[in-house]
Amino acid sequence: MANDDNVDHLRTVERLSNILKITPNLKSISIIQHDEPLILEGQHLAISKKTFKELGLFSRQTFLKFIKKESSPSRDSTLDELSTVLIVLNPDDNKYWNYRKRLCQKCSKNQTDKLFLELKLSSCSLKLKPKCAEPFNHARWLLTNYREIVSEQTIISQLKMCEDSAESYKHNYYSWIHRLWVLKTFPNTKLLEKELEWSKGWVESHISQFCGMNYRFNLLLISSAHQNLDSNVQKCQKFVDEVSYVVDLVLFYPGTESLWCYLGLLLYYCSANQIECEESALFRVRAIDNRFSRRFQKRNFNPEIA
């Protein structure tokens, strides 16, 4: 009976591995109460609670057993399937990610399909646990080691992965740190401008989340550093305009702490860099809060996303 169960589990592992590798743009993975082990509807995958529990235990035990065996086509194929499943079921355990890295090192660095597959698996592993460091660490390792074949489309897919995980979990600093790392490592003026526009929409639709605002501030720093602006005045104007923009948001949402924190960050930066903000913008804020100057005088400037 146990052998029959093992055979069934191996078949499920193979099927799940194929689904994760072959299904384009898998949108969600959920755990449900159902008799069927796996259900795939379009781009949505469901795993039964029983299968999730039993398959996780079976896969871990089998992986540890097979990893000790001598290399063979059968053994390597099984470990490939098991590690594919385990990084989705248990993405916090880095030994499965390390095995995926060793698989990558055996391949040529010109294999674009291998890069795409591994990045796709990193994205899939965030569907069940969006706030997890290991998938982002693996993605950064891949992008660093396959840097020569990283395309603009690859960067866009990484930004989309970050957006999805940030939507799934509030204050997902792993996602924001990775998003910022991608843009710093692969600077692109056109993408930076698109990101500034995108981040504006994000801030306005997630008004209570400071992570997106801090990310936008870092975008302004990167944009100023990478763009060939004619003078320091043009660089300063970006921050002057941002202060005016945030003041408008503060007036519309006066009780939102994250906006006040962001405004304080901007004003501290402008003050430290001798950038003069529009007095009219500051006057509008003081009109609704005469304690404005005291509110931020003790805040520390920290441009890194926390």
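Could you please find all residues in the stretch 62-75 being of a type outside the set (D, E, K, R) and farther than 17 Å from Ser17 by Cβ?
Leu64, Ser71, Ser72
Using beta carbons and a limit of 7 Å, which pairs, at least six apart or on different chains, have the first residue in the stretch 159-175 and within 13 Å of Tyr215 (Cβ to Cβ) and the second one among the β-branched types (Val, Ile, Thr) and buried (at least 17 other Cβ atoms within 10 Å of the Cβ)?
If the second residue must be among the β-branched types (Val, Ile, Thr) and buried (at least 17 other Cβ atoms within 10 Å of the Cβ), the pairs left are Leu159/Val182; Tyr173/Ile305.
Within the stretch 55-70, how many residues turn out to be open to solvent by 80 Å² or more (accessible area, probe 1.4 Å) and more than 14 Å from Val88 (Cβ to Cβ)?
7
Name every residue in the stretch 184-200 that is farther than 15 Å from Leu221 by Cβ and open to solvent by 50 Å² or more (accessible area, probe 1.4 Å), in order of residue number.
Lys190, Lys194, Glu197, Trp198, Lys200 - these are the residues of the stretch 184-200 that are farther than 15 Å from Leu221 by Cβ and open to solvent by 50 Å² or more (accessible area, probe 1.4 Å).
Which of the residues that make up the stretch 208-237 are of a type in the set (Phe, Trp, Tyr) and either at pLDDT below 70 or open to solvent by less than 50 Å² (accessible area, probe 1.4 Å) (or both)?
If the condition is that a residue be of a type in the set (Phe, Trp, Tyr) and either at pLDDT below 70 or open to solvent by less than 50 Å² (accessible area, probe 1.4 Å) (or both), then Tyr215, Phe217 are the ones that fit.
Condition check: among the basic types (Lys, Arg), touching a strand residue (DSSP E or B) at 6+ places or on another chain (Cβ under 9 Å), open to solvent by less than 60 Å² (accessible area, probe 1.4 Å) and under 30 Å from Phe210 (Cα atoms). Does Lys127 satisfy that?
Spelling it out, Lys127 is indeed among the basic types (Lys, Arg), touching a strand residue (DSSP E or B) at 6+ places or on another chain (Cβ under 9 Å), open to solvent by less than 60 Å² (accessible area, probe 1.4 Å) and under 30 Å from Phe210 (Cα atoms).
So the check is Cβ under 9 Å with 6+ separation or different chains; which pairs have a first residue in the stretch 62-77 that's under 17 Å from Leu10 (Cα atoms) and assigned to a helix (DSSP H, G or I) and a second one that's at pLDDT below 90 and not basic (Lys, Arg)?
Thr62/Asn6
List every residue pair whose Cβ atoms lie under 7 Å apart, where the two residues are 6 or more positions apart in sequence or sit on different chains, the first residue falls within the stretch 267-284 and is closer than 14 Å to Asp241 by Cβ, and the second residue, located anywhere, is of a type in the set (A, V, I, L, M, F, W, C) and open to solvent by 80 Å² or more (accessible area, probe 1.4 Å).
Cβ pairs passing all conditions: none.
Take the residues in the stretch 1-27 that are open to solvent by 40 Å² or more (accessible area, probe 1.4 Å) and either of a type in the set (A, V, I, L, M) or touching a strand residue (DSSP E or B) at 6+ places or on another chain (Cβ under 7 Å) (or both), then tell me which one is farthest from Tyr169 (Cα to Cα).
If we take residues in the stretch 1-27 being open to solvent by 40 Å² or more (accessible area, probe 1.4 Å) and either of a type in the set (A, V, I, L, M) or touching a strand residue (DSSP E or B) at 6+ places or on another chain (Cβ under 7 Å) (or both), then Met1 is farthest from Tyr169 (Cα to Cα).
How do the pairs read when you match residues in the stretch 108-121 that are touching a residue at least 60 places away in the same chain (Cβ under 8 Å) with residues anywhere that are in a loop (DSSP other than H, G, I, E, B) and surrounded by 13 or more Cβ atoms within 10 Å (Cβ to Cβ), using Cβ under 9 Å and keeping only pairs 6 or more apart or on different chains?
Lys120/Leu26
Within the stretch 150-163, which residues are open to solvent by 40 Å² or more (accessible area, probe 1.4 Å) and of a type outside the set (D, E, K, R)?
Ser151, Gln153, Ile156, Ser157, listed by residue number.
Would you mind finding the one in Tyr174, Tyr169 that is out of contact with any Cys (no Cβ under 8 Å at 6 or more places or on another chain) and among the aromatic types (Phe, Trp, Tyr)?
Answer to the selection: Tyr169.
I'd like the full set of residues that are open to solvent by 50 Å² or more (accessible area, probe 1.4 Å), assigned to a helix (DSSP H, G or I) and more than 11 Å from Leu142 (Cα to Cα), limited to the stretch 96-111.
Asn98, Arg102
So that you can scan it fast, the table gives a plain yes or no per residue for (1) touching a His at 6+ places or on another chain (Cβ under 6 Å); (2) under 30 Å from His171 (Cα atoms); (3) of a type in the set (Lys, Arg):
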{"site": "Ile67", "(1), (2), (3)": "no, no, no"}
{"site": "Pro73", "(1), (2), (3)": "no, no, no"}
{"site": "Leu89", "(1), (2), (3)": "no, yes, no"}
{"site": "Tyr99", "(1), (2), (3)": "no, yes, no"}
{"site": "Arg102", "(1), (2), (3)": "no, no, yes"}
{"site": "Cys107", "(1), (2), (3)": "no, no, no"}
{"site": "Asp113", "(1), (2), (3)": "no, no, no"}
{"site": "Leu126", "(1), (2), (3)": "no, yes, no"}
{"site": "Pro130", "(1), (2), (3)": "no, yes, no"}
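The values are calculated or read from the model by the stated rules, or taken from the named source; none is laboratory data. This one's a predicted model, so the numbers in the text were calculated from it and none came from an experiment. Every residue, glycine among them, receives a Cβ derived from its backbone with ideal geometry; neighbour counts consider all protein chains shown. Surface areas here come from the heavy atoms of the whole protein model, side chains and all, with no ligands, DNA or RNA. Shrake-Rupley method; radii C 1.70, N 1.55, O 1.52, S 1.80 Å.
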